[in-house]
1. Any idea which residue in segment 209-230 is nearest to residue 351 (Cα to Cα), counting only those that are of a type in the set (Ser, Thr, Tyr) and outside any loop (DSSP other than H, G, I, E, B)?
2. Would you please name the residue that is least open to solvent (accessible area, probe 1.4 Å), looking only at residues in segment 158-167 that are under 17 Å from residue 48 (Cα atoms) and in contact with a His (Cβ under 8 Å, 6 or more places away or on another chain)?
3. Just to verify a result, which residue in segment 125-157, among those that are without any contact (Cβ under 8 Å) to a residue 40 or more places away in the chain, assigned to a helix (DSSP H, G or I) and not hydrophobic (A, V, I, L, M, F, W, C), is surrounded by the most Cβ atoms within 10 Å (Cβ to Cβ)?
4. Identify, please: which residue in segment 220-266 is open to solvent by 50 Å² or more (accessible area, probe 1.4 Å) and among the small types (Gly, Ala, Ser) and is, among those, farthest from residue 299 (Cα to Cα)?
5. Show the residue pairs that are 6+ apart or on different chains and have beta-carbon atoms under 6 Å apart, the first residue being within segment 9-33 and at pLDDT below 90, the second being open to solvent by less than 30 Å² (accessible area, probe 1.4 Å) and assigned to a helix (DSSP H, G or I).
6. In the list 115, 91, 75, which residue meets the criterion of being open to solvent by less than 60 Å² (accessible area, probe 1.4 Å), at pLDDT 95 or above and either within 20 Å of the chain's Cα centre (by Cα) or over 21 Å from residue 127 (Cβ atoms) (or both)?
7. Only one of (1) modelled with pLDDT under 90; (2) part of a loop (DSSP other than H, G, I, E, B) is not met by residue 4, so which one is it?
8. Which pairs do you get when a residue that is without any contact (Cβ under 8 Å) to a residue 40 or more places away in the chain and under 20 Å from residue 310 (Cβ atoms), found in segment 242-270, comes within reach of a residue that is of a type outside the set (Gly, Ala, Ser) and surrounded by 15 or more Cβ atoms within 10 Å (Cβ to Cβ), reach meaning Cβ atoms under 8 angstrom, with the pair 6+ apart or on two chains?
Amino acid sequence: MNKEIFKNNPYFKNVDLEHSFDATTGVLNRETIIGYAKYLISKNIKFSAFISDIDNFKYINDTYGHLMGDKVLEGFGKFLPEAMGDKCIVGRYGGDEFLSIAEGVSDYEEVWTIGHNLNISLFKLEFKEIDCLSITITTGISRFPIDGTTYEDIFMCADKALYRGKTKGRNCFIIYNPEMHKDIVIKEDNESLRGSILISSQLFNILTKNDNLKENIISLFKYFTTTLSIDHIAIETNSKILFSTKHPTLDNCLFKHIDEKILIQYMNSMGYFILNHRKNIIELKDNKLSSHLEEQGIKAQLVASITAYGKTYGVLRADMTHGRVWQNGDISLINTAARLIGVILANKNITLEDL
């Protein structure tokens with residue numbers, strides 16, 4: 001971080017800058033960045049707080065190792081000060097979270113511009129060791145004194161905005177809005193587990209709502225595009241797409257049929273395959289699948305076989321127009337939905353084409 005930014009700032013005149021930086025990321029450490037925020041509050045100086053969390057950081061650590069995780073943290077430590085702009089001072093809030101303070105900034109439009117520029121800048125961020133993976137961040141934003149008059153108020157609001165961004169689908173920024181976010185309850189891990197169980201129950205309820213499986217599948221697809229923020233979900237066979245739903249914001253995207261045989265070759269023993277980024281397929285030199293994905297603008301994909309009692313009826317396919325690290329919950333729900341559809345078809349003694 002360029003230390004010139006601190007020269008004319010009154011708070012940092014009394015700060016020992018030689019011992020105020022995080023060793024891994026190179027930005028301010030937690031104590032210093034929080035102290036800066038509390039100083040601004042004590043002086044009644046308006047500011048905006050940006051809490052940025054690296055999406056799916058645990059996956060990076062678990063898959064590529066903690067040394068790679070440290071490289072990602074170091075990379076964001078270099079990236080964020082430049083991406084946030086001259087009005088922001090960046091610190092490491094803890095773990096994979098960063099806190100940026102924009103002193104003197106509280107106007108909504110200005111805050112929105114900083115958040116927008118941050119997310120746009122992410123396209124330039126690369127990690128050569130894992131260039132097959134699109135690494136993104138989610139940011140929650142609150143403003144002093146608009147959203148509160150104490151440190152606890154400001155950072156609870158930012159946390160709620162961040163939590164909303166995570167549940168919305170990640171890779172975004174959310175500016176705290178009391179009308180929309182004040183009632184958010186940030187769940188602990190065990191509460192998140194209960195939430196997953198409720199979603200699974202909802203899946204079964206939708207698919208067995210009535211005897212019209214076609215109608216139920218369409219309802220399920222609408223549920224997936226909104227709840228899981230999936231861009232496109234479809235059921236297809238060797239010959240065509242039978243059911244298809246796009247996220248409402250993607251009316252201009254044209255998703256086409258991909259032969260079931262092309263997709264099935266990548267499936268594991270559990271009957272599904274995941275693709276976090278199109279580059280994975282390109283590296284395998286599979287021209288058929290990579291050309292389909294490139295033509296349709298698909299960068300991440302999750303496909304599950306619709307199977308029951310040894311018979312395969314087709315595939316359930318989820319597409320994303322940007323890189324996405326599919327979480328265990330996503331995989332479980334898509335795979336379970338595919339298997340349940342297969343079981344219903346088998347019990348009715350019909351095929352997908354009969355619907």
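1. Only one residue fits best here, namely 219.
2. Among those residues, the one meeting the criterion is 161.
3. Filtering first and then ranking leaves 153.
4. Looking at the filtered set, the residue picked out is 239.
5. From residues that are at pLDDT below 90, there are no pairs.
6. 91
7. Going through the list (1) modelled with pLDDT under 90; (2) part of a loop (DSSP other than H, G, I, E, B), residue 4 breaks only (2).
8. Here the result reads 267/273; 267/303, each pair linking segment 242-270 to a residue that is of a type outside the set (Gly, Ala, Ser) and surrounded by 15 or more Cβ atoms within 10 Å (Cβ to Cβ).
The values are calculated or read from the model by the stated rules, or taken from the named source; none is laboratory data. Everything numeric here is computed off the predicted structure, so don't read it as measured data. Glycine also receives a Cβ, built like all others from the backbone with ideal geometry; neighbour counts cover every protein chain displayed. Ligands, DNA and RNA are stripped out before the accessible areas are found, and what is left, the full protein with its side chains, is counted by its heavy atoms. Shrake-Rupley method; radii C 1.70, N 1.55, O 1.52, S 1.80 Å.
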